[in-house]
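Please read the structure below before turning to the comments.
Bear in mind these aren't lab numbers, they're just calculated from the coordinates by the rules spelled out. Just so we're clear, the structure is a prediction, and the values are computed from it rather than from any experiment. Cβ sites come from the backbone with ideal geometry, for glycine too, and all protein chains shown count toward neighbours.
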Amino acid sequence: MYLFDTDFIISLSKSSKDAKIFAQKVDREHAYCAVSVISAYEYLMGIYYLYIDDSDKLREKLRKAEAALKRFDILPCTYEIAKKTAEIDAYLTRQGQTVELADLIIAATAIIHNLTIVTKNVRHFSRIPKVQVITY
């Protein structure tokens with residue numbers, strides 16, 4: 001059961017060999033696949049930033065992005081996730097460490113739903129207690 005980070009979605013959309021191989025493995029396993037609504041936001045934000053001045057290209061890229069995102073359950077932020085995010089943030093801050101809010105929310109989502117994060121951003125997530133992380 002996997003929670004895919006934004007970098008995986010981007011890699012998959014760019015036909016990264018590593019991402020494609022991992023996606024095929026997950027498909028063979030018939031594993032549960034999800035993304036946080038934060039990852040969906042980050043992915044779509046990147047498309048808007050790149051193509052906002054070209055409405056035809058923007059429309060095309062958004063159509064492809066939305067088709068790609070349909071492969072995943074998109075998990076919303078809930079009160080439980082907000083509470084877990086606050087707990088993780090307080091813990092890390094007391095340890096003198098910081099992690100971006102988006103990554104904290106993604107990690108909290110994984111913890112609450114008992115999912116393993118799939119990312120190449122292992123450095124950020126590995127500092128967060130109780131989160132399971134694998135790379136592709």
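Applying the Karplus relation 6.51 cos²θ - 1.76 cosθ + 1.60 with θ = phi - 60° to segment 60-77 yields 3J(HN,Hα) values of 5, 5, 5, 4, 5, 5, 5, 5, 5, 5, 5, 5, 10, 6, 9, 8, x, 7 Hz, where x marks Gly and Pro.
About the Cα centre, and with charges only on the beta carbon of Lys, Arg (+1) and Asp, Glu (-1), how big is the dipole of the chain? Nearest 20 debye, please. Please list the in-between numbers first.
Working: 19 positive and 17 negative charges, 74 e Å.
My answer is approximately 360 debye.
Applied to segment 9-14, the Karplus parametrisation 6.51 cos²θ - 1.76 cosθ + 1.60 on θ = phi - 60° returns per-residue 3J(HN,Hα) values of 4, 5, 4, 5, 5, 8 Hz, with x for Gly and Pro.
What separates the Cα centres of segment 1-37 and segment 85-136 is a distance of 18 Å.
Only lysine pairs 8 or more places apart, or on different chains, with alpha-carbon atoms under 13 angstrom apart are counted in segment 2-134, and they number 4.
Across all Cα atoms of segment 1-78, the radius of gyration (one decimal) and Dmax (whole number) stand at 13.0, 41 Å. Counting neighbouring Cβ atoms within 10 Å and putting the fewest first, the residues K64, K120, K84 line up as K64, K120, K84.
What's the extension gain from S15 to I134 if we count 0.36 nm per residue and subtract their Cα-Cα distance? All intermediate terms of the calculation are to be shown ahead of the outcome.
On the way: separation 119, 0.36 × 119 = 42.84 nm, distance 1.93 nm.
In short, 40.9 nm is gained.
Extending 7 Å from the Cα toward the beta-carbon at both Y49 and Q97 defines two label points whose distance is 2.5 nm. Coupling constants for segment 98-110 follow from the phi torsions by the Karplus curve (6.51 cos²θ - 1.76 cosθ + 1.60, θ = phi - 60°), and in residue order they are 10, 9, 4, 4, 4, 5, 5, 5, 4, 4, 4, 4, 4 Hz; glycine and proline get x.
Close amide H partners of L75, meaning residues 5 or more places away or on another chain with modelled amide H under 5 Å apart, are V35, S36, V37.
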